[in-house]
Amino acid sequence: MRKFRIKSPDTAILPAIQEKIDNLTKPKGSLGRLEELALQLGLIQQTLSPELRRPHNILFAADHGILSEGVSPTPKDVTWQQCLHFVKGGAGISFLCEQNGFTLRVVDAGVDFDFPAGSGVIDRKVRRSTRSFLHEAAMTREEFDTCIERGAEEVRTVFDAGCNVVSFGEMGAGNTSSSSLWMHLLAGIPLRDCVGAGSGLDNEGIRRKYDTLQRALDNYRGDTSTEELLRHFGGLEMAMAVGGMLQAAELGMTILVDGFIMTSCMLAAARLQPEVTAYAVYGHQGDEAGHRLLLEALGARPLLQLGLRLGEGSGAVCAYPILQSAVNMINRMDSFRKVSVTKYF
């Protein structure tokens, strides 16, 4: 896997951004998280006047070999069916992207289905589904590296089109299993606390899912390097998202992080290159059991808590107007220096 050239943002500009925020016509700190976001965006973009341009939600889709072990009630065919639903505009992420001015890109990372030409689904398929990590590695090293690069290429495409803020979504029955294992292995959180209902398991289903994942861990004979853990237990769409996140950070883009699965991908990206987290804004805390613990492991504070567990990038896109408010605040509010209002605190 190649190393991305991610630089921590130069903090020399921070005092100037903070001074501008503090001198807007309001009590100091009174706009709370909006002020913090404006500071972060200004730092990422190295400017006193940050802007958000042409937001995109890149949704990677793939199937998972572990699904055959009964870890999810969702049938595999839902993956390809939903991909076609996304591009036709009738899904949850479809209306949210339309409402918030996002361009939606639906990318086939490894769906076990051949999409017809002209379907609107972008073909970046590495293979048809991962292997079952209960018995073997989900991906080979070459497949994992290809996923990282293809995810990065998707981000370069939208960056070249003028995008500077990107969110990532996913579609793939069984991917909460991979996310749970990444969370456990990379954050050291007990596996039982990482395993939840996914797309709707009952208590017996959760127990079976936990037992399957524990057996997969018991069967693992590889090393403990981050790359090996990611490729052995991960998903093709998840690896592409990791590559996309790393590329976005290298390009100085703002990354809006979605729910449990995409937060697991940010954790993975951070274990590979810690500088990536400076570019991340966490959209929401979802309803999946381990998401709160995962956010805490990253030291992240989500913007929203709406009980979402849809995935697809939905929580990230929902949070986007808050970023826009932060940008409007720093760019459109008057300064005490320019208007005849006595500064107050």
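The values are calculated or read from the model by the stated rules, or taken from the named source; none is laboratory data. Given the structure is predicted, the values throughout are model-derived calculations rather than measurements. Glycine also receives a Cβ, built like all others from the backbone with ideal geometry; neighbour counts cover every protein chain displayed.
Below is a table of values for the structure above.
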| quantity | calculated |
| --- | --- |
| Residues of segment 199-217 satisfying the condition of being modelled with pLDDT of 80 or more, within 22 Å of Leu310 (Cα to Cα) and among the hydroxyl-bearing types (Ser, Thr, Tyr) | Tyr210 |
| Residue check, Leu37 under 20 Å from Leu303 (Cα atoms) and either assigned to a helix (DSSP H, G or I) or of a type in the set (A, V, I, L, M) (or both) | yes |
| Residues that are out of contact with any His (no Cβ under 6 Å at 6 or more places or on another chain), in a loop (DSSP other than H, G, I, E, B), closer than 18 Å to Val165 by Cβ and not hydrophobic (A, V, I, L, M, F, W, C), drawn from segment 260-308 | Gly283 |
| Restricting segment 125-157 to residues that are assigned to a loop (DSSP other than H, G, I, E, B) and among the charged types (D, E, K, R), the residue that is nearest to Phe168 (Cα to Cα) | Lys125 |
| The listed residue being under 17 Å from Trp182 (Cβ atoms), touching a residue at least 40 places away in the same chain (Cβ under 8 Å) and either outside any loop (DSSP other than H, G, I, E, B) or over 13 Å from the mean Cα position of the chain (by Cα) (or both), out of Met245, Met329 | Met245 |
| Counted residues, segment 164-213 - those being of a type in the set (Asp, Glu) and buried (at least 18 other Cβ atoms within 10 Å of the Cβ) | 1 |
| Flag if Ser132 is of a type in the set (Ser, Thr, Tyr), buried (at least 24 other Cβ atoms within 10 Å of the Cβ) and either closer than 30 Å to Ala326 by Cβ or in contact with a helix residue (DSSP H, G or I) (Cβ under 9 Å, 6 or more places away or on another chain) (or both) | no |
| Sole exception among (1) modelled with pLDDT of 95 or more; (2) more than 22 Å from the chain's Cα centre (by Cα); (3) among the small types (Gly, Ala, Ser) for Ala109, by number | (2) |
| Pairs, first surrounded by fewer than 22 Cβ atoms within 10 Å (Cβ to Cβ) in segment 263-292, second among the polar types (S, T, N, Q) and in a loop (DSSP other than H, G, I, E, B), C-beta under 6 Å, six or more apart | Glu275/Ser8; Ala278/Ser8; Arg292/Gln285 |
| Members of segment 248-259 found to be in a loop (DSSP other than H, G, I, E, B) and closer than 14 Å to Pro9 by Cα, listed by number | Leu251, Gly252, Met253 |
| All positions within segment 158-179 that are part of a helix (DSSP H, G or I), over 12 Å from Phe233 (Cα atoms) and either basic (Lys, Arg) or out of contact with any strand residue (DSSP E or B) (no Cβ under 9 Å at 6 or more places or on another chain) (or both) | Asp160 |
| All positions within segment 147-187 that are free of Cβ contacts under 8 Å to residues at least 40 places away in the same chain and farther than 30 Å from Gly101 by Cα | His184 |
| Cross-chain or 6+ apart pairs with Cβ under 6 Å, segment 77-105 first and assigned to a strand (DSSP E or B), then hydrophobic (A, V, I, L, M, F, W, C) | Leu104/Cys97; Arg105/Ile58 |
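Residue-wise test of (1) within 20 Å of Pro50 (Cβ to Cβ); (2) at pLDDT 95 or above.
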{"position": "Leu298", "(1), (2)": "no, yes"}
{"position": "Pro302", "(1), (2)": "no, yes"}
{"position": "Ser314", "(1), (2)": "no, yes"}
{"position": "Cys318", "(1), (2)": "no, yes"}
{"position": "Val327", "(1), (2)": "yes, yes"}
{"position": "Ser335", "(1), (2)": "yes, no"}
{"position": "Lys338", "(1), (2)": "yes, no"}
